Amino acid sequence: MNSYVFAALLLALLAIAYQVGWARSRALAGTAPARSFHSRPQYHGTLVVLWTLIPALLILGLWTLFGDTVFRNYILGFLPADLVAAGGMPLEQAMQRVRAIASGFGVAGQLAPYEQAAGDGLRQFQLIVLLIVIAAAAGTAIIALLYARNRITARLRARNEVEIFVRFLLLACSAIAILTTLGIVASLVTEAFRFFTFVSPIDFFFGTVWNPVFSSSGGGAHGQYGLLPLLWGTLMVSAIAMLVALPLGLMSAIYLNQYASPRVRSVVKPVIEILAGIPTIVYGFFALVTMGPFLAGAGAMIGLDVSATSALTAGVVMGIMIIPFISSLSDDILNQVPTAMRDGSYGLGATQAETIRRVLLPAALPGIVGAFLLAVSRAIGETMIVVLAAGNSPVLRANPLEPISTVTVSIVNQLTGDTDFAGPQSLVAFALGLTLFVMTLILNVVALMIVRRFREQYE
Amino acid sequence: MTDIPAGIDRSESAERRARVRAGLARRHRGEMTFRGLGLAAIVLALGFVAIFFWTILSKGLPSFMQPVVHVEAFFDPAVITNPAPPVQAVGQSDADFRAQSLKWQRDLAGLNWNKIVEAALRRAMPAGTEIDSKQILTVVETSERHRLREMFVADPSLLGKTVKVDLLASANVDSWLKGNIDRDLPDSQQQLSAPARALADALAANGTITMRFAWTIFANVDSRAAPAAAGLAGAFMGSLYMMLVVILLAVPIGVASAIYLEEYAPKSRLTDLIEVNINNLAAVPSIVFGLLGAAVFINTFHLPLSAPLVGGLVLTLMTLPTIIIATRGALQGVSPSLRQAALGLGASKTQMVFHHVLPVTFPSILTATIIGVAQALGETAPLLLIGMNAFVASVPATPLDQATALPVQVFLWQGNENRNFFEARTSAAIIVLLGLMIVLNAVAIFLRTRLERRA
Amino acid sequence: MLAGKVKMTQVSDTAPTTPLAQRPIRVSASDVTVHYGAKQALFGVSIDIPDRAVTSFIGPSGCGKSTFLRCINRMNDTIEGCRVGGSITLDGEDVYSPALDVVELRARVGMVFQKPNPFPKSIYENVAYGPKIHGLARSKADLDEIVVTSLRKAGLFEEVKDRLHEPGTGLSGGQQQRLCIARAIAVGPEVILMDEPCSALDPIATAVIEELIDELRANYTIIIVTHSMQQAARVSQKTAFFHLGKLIEEGRTEDIFTNPTKKQTQDYITGRIG
């Protein structure tokens, strides 16, 4: 309720501030010589609004941060000393009861004598504090408003000041992207280091056994955290995915770019791109109920023992997911190869296939390599398909027809629903995340660099 | 340097022509093969799309129809032994009264509502059917006895009356009647006992059980004990809250950063760094954003687990690069002449950007936003790490309540033990999810064409 | 000077001295029309191209001269919605007959483009590309010889002999264009089409190419499209003037420039239209 009142008051104040700035500058402009006023009235209005808004927001912000602590201390003053000293759940419950009484909702059961007093006291105190805060916020806002109003002169560069503020706001927004990266790096590194206090980095990076033991009793048995089986699984699934996606994606792009008529292209291209919009969890389900049984059945027909959830199943479905990624990137890249190159080859009597294979593809090769690396990075980081369809069996084995596990699967297994970051069982997720982040980062940086150079080459 | 051989005479030219001719057939075969390979790739890719949608639709569409048992329920005073609801006494506090009401409802829940269900079914079944109480109750979903109780709580005057009610058939009856479970399996592998299967068939034959549109999928929340009553309402609200957070945060911040980077940022090392950084962020695996959310939002800021607000924040960070990159692309596409015209008329840089450039790019920004939101809507992995895979049996009232999301619900349902039933219901959830995404994209296309036509 | 170097690689045989009118006809067009979709770009063009001489097509831009040039080796096939009517023959064979293989046609009719367009390969590979795809060389030595000979004929060998395996895109604009000429020669064409080959080059590089064209006419039938009347006058023996998709006038270059019969031609060469 309170917040709505505040919002309404604030809005009203802002409307007044704008009006004041606007009207004042209009009035002054009326008396000043023509065109000597630097900024238009709406900028003066906006500037006054900013002056009014910022101190008020600061005060309200402080109150949101510390208001609760103030009330809490107030209640503590009423509670019996032994309860306060004991702390913990009983104290919190008592606190809650007092608040409920103060709000008028009341509590079930008998009231302790101090509770009624505390509740009544709190109600009055809350009212007083609320009034003080409103008065303080409104007061500073009005003082700031008046000050800003008096600043208005013909020469005040209101527009420039507003624009500086806007610019600062924009800069703050673009800093969020940097903060995100810093946040990722900081959280991964600190938590991973905490993990390495339990398990040595050597055991982690070079260990061949993945067997985290969830022991609620604590104690020394943490299990084994060898990264290699997971890394191997990740690489195997990604390799299978790329074996599916690269030929299909590249050949689709070539056909659509070079052979298909505009009409066919305008229909087929969006249909293939539908594959890119499907959520990965849906691919996972598809792998589980359709692709897995199909591959197992097909394997059985030729006498191969294919597990329904395996590196192969996950890899093939992931490959399908990546087809549109490869094909649309390759399409862009083929479009960037100048037509003059193509004409030069045709002019020499090359067939279309010869032109594509011997001129266009070599010319587009750097771009395609870049696209390939980006796709690999995506395959490595893909989670839901492998969670559902890879079989979750973190064992070093070379056979792609058997279940495996990957880095991403283990992150999900180790951290899902667990917020207790105390043991290596959950902290290992961050070490895995760090490994994954570094791998994809390298791939992305290299790929983006290659693609950028390629673009520049033909610009 | 005059050792160049004499020019091409006729015979040499003829020899060359012969050689070119000799290779022609082979080269044209190569051409056809290459072209065929391209076509095959297209056909395969399109085939995958077709198989994919066929699988999901064929599995999922039938579960939008659900068997319902039409019976007459008698609110038997012999079963309902404490029918009188409490009344708030003068001077009684709200909290006290609420505690009393809850106690009454709890007492009601302790009654044997199954008796009422069983009696209703026995009235509806053909004469001479032999079946025991336990078996007969497997025909109706376990949630339905609670529904009868809720009906009674809402209207205690029902006591002693007979009311027509539609009870959901159980998930196992659903699988049996739809043939989702093999009807020829031996008794030991069937989920329903033989008498219950016979009863389901008999009720279907005499019109007591009919198929009805499964509103439950949209209206109900998730349920473990009563699969046939499990619905998407909670997950839908969770997703809706997250999308609101994404739209409210990612769009303004993303557009603002794009404007800064494209229009204001000085050409400096720092700007380069931000740019490289954003391109990289766009390619960071989504699960890493989940780790960020777990470490920062949950563990450092102590925001609640499983809350759509936190999910929305994580998805916002994930969507930002998409929106920034697309908006920058749109800003780059604005012709320099427009900028120069605006500046030439004495507009300041900020005026030029906000009054002239931004309106032109609005359609592209809108499209990018919708595509980013659609992508966020389908994301699952990061949400698992911030606890949004918890089982939540209520519709979240605020973005801070526990909730799950549509794609996470798909993840939870596909792992359910009642495979026969949930394979279908998961497909239905997928259809809902894909349907939403298609609607979003259609809106994007519609708005873009409209706005572009006007521009 | 570049020009000096080219002089040294003078081809031993000289251009035929027979008068233009008595030379055999290599390419003959009659009533050629071209449509791009609904738009007609060329109206009933008929012309004979004599053997071992340079024929130039001149006219203001958009007059259809390049369009007509691209009909001769059927490069227009690669453009969506382009239809060609009438007939063009090469040594009496109909270029547009279904029996004719366009791949073989283009091996006989080489082409050099407006902007130098070397492939992103080494200089050697650029020249070897044509012979390789057509299977002209029996051995590696054979291929080497074709490459060296072609580079010599294009007057480029001396300049690049030490860096045959460096990328062709690293050469200067004029060198790149001569590389493209060498690439076309390597296939052993009978006719070479040149579509404004000097428009992207500076005057010195242009002079080198013009000299090269003059030498090449000893062995090849050359058709050159140019928007520079001076260039047409310098390099060609026969000139055809195009305007608004029609062939206005054709004849010996001296006649066209000194004694045009049509008013439009006069206007063009005196600079009144263009």
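The values are calculated or read from the model by the stated rules, or taken from the named source; none is laboratory data. Quantities reported herein were computed from a predicted structural model and do not represent experimental measurements. Positions of Cβ are backbone-derived with ideal geometry, glycine not excepted, and every protein chain shown enters the neighbour counts.
Brief remarks follow.
- Filtered residue count, segment B:165-204, keeping only those that are among the β-branched types (Val, Ile, Thr) and either within 16 Å of B:PHE64 (Cα to Cα) or surrounded by 24 or more Cβ atoms within 10 Å (Cβ to Cβ) (or both): 1
- Unique match (being within 12 Å of another protein chain (Cβ to nearest Cβ), more than 21 Å from B:LEU44 (Cβ to Cβ) and either crowded, with 22+ Cβ neighbours inside 10 Å or at pLDDT 90 or above (or both)) among A:TYR283, A:TYR346: A:TYR346
- The requirement of being of a type outside the set (Asp, Glu) and surrounded by fewer than 18 Cβ atoms within 10 Å (Cβ to Cβ) is not satisfied by A:GLN126.
Residues checked against (1) touching a helix residue (DSSP H, G or I) at 6+ places or on another chain (Cβ under 6 Å); (2) in contact (Cβ under 8 Å) with a residue 60 or more places away in the chain; (3) surrounded by 14 or more Cβ atoms within 10 Å (Cβ to Cβ); (4) not small (Gly, Ala, Ser):
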| position | (1), (2), (3), (4) |
| --- | --- |
| B:LEU24 | no, no, yes, yes |
| B:ARG27 | no, no, yes, yes |
| B:GLY30 | yes, no, yes, no |
| B:ALA41 | yes, no, yes, no |
| B:ILE56 | yes, yes, yes, yes |
| B:PHE75 | yes, yes, yes, yes |
| B:ARG123 | no, no, no, yes |
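- The sole residue among C:PHE157, C:PHE257 that is buried (at least 20 other Cβ atoms within 10 Å of the Cβ) and aromatic (Phe, Trp, Tyr) is C:PHE157.
- Against the list (1) among the β-branched types (Val, Ile, Thr); (2) assigned to a loop (DSSP other than H, G, I, E, B); (3) modelled with pLDDT of 90 or more, the condition C:THR14 fails is (3).
- Every listed requirement among (1) within 12 Å of chain B (Cβ to nearest Cβ); (2) within 23 Å of A:ALA390 (Cα to Cα); (3) part of a loop (DSSP other than H, G, I, E, B) is met by A:GLY303 save one, (1).
- Of residues in segment B:409-450 being under 8 Å from the mean Cα position of the chain (by Cα) and within 8 Å of chain A (Cβ to nearest Cβ), the one nearest to B:ALA390 (Cα to Cα): B:VAL410
For (1) at pLDDT below 90; (2) surrounded by fewer than 18 Cβ atoms within 10 Å (Cβ to Cβ); (3) closer than 26 Å to A:ARG453 by Cβ, each residue gets a yes or a no:
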| position | (1), (2), (3) |
| --- | --- |
| B:LEU249 | no, no, no |
| B:ILE259 | no, no, no |
| B:GLU262 | yes, no, yes |
| B:LEU291 | no, no, no |
| B:PRO304 | yes, yes, no |
| B:PRO321 | no, no, yes |
| B:GLY333 | yes, yes, yes |
| B:SER337 | yes, yes, no |
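- Per the conditions (1) at pLDDT below 85; (2) part of a loop (DSSP other than H, G, I, E, B); (3) among the hydroxyl-bearing types (Ser, Thr, Tyr), the sole criterion not satisfied by B:THR404 is (1).
- For segment A:435-448, the candidate set comprises residues that are touching a residue at least 60 places away in the same chain (Cβ under 8 Å) and more than 7 Å from chain B (Cβ to nearest Cβ); within that set, the residue that is surrounded by the most Cβ atoms within 10 Å (Cβ to Cβ) is A:ALA447.
- Residue list for segment A:417-434, filter: surrounded by fewer than 24 Cβ atoms within 10 Å (Cβ to Cβ), more than 10 Å from chain B (Cβ to nearest Cβ) and of a type in the set (Gly, Ala, Ser): A:ALA422, A:GLY423
- Taken over segment A:103-119, the criterion of being in a helix (DSSP H, G or I) and either within 14 Å of chain B (Cβ to nearest Cβ) or touching a residue at least 24 places away in the same chain (Cβ under 8 Å) (or both) is satisfied by A:SER103, A:TYR114, A:GLU115, A:GLN116, A:ALA117, A:ALA118, A:GLY119.
- Within segment A:361-416, helices (runs of 4 or more DSSP H) holding 3 or more residues that are surrounded by fewer than 19 Cβ atoms within 10 Å (Cβ to Cβ): A:361-381
- Within segment A:177-198, the set of residues being at pLDDT below 90 and facing chain B (nearest Cβ under 9 Å) comprises A:ALA177, A:ILE178.
- Checking each residue in segment A:349-377 for being over 30 Å from B:ARG29 (Cα atoms) and within 7 Å of another protein chain (Cβ to nearest Cβ) picks out A:LEU374, A:SER377.
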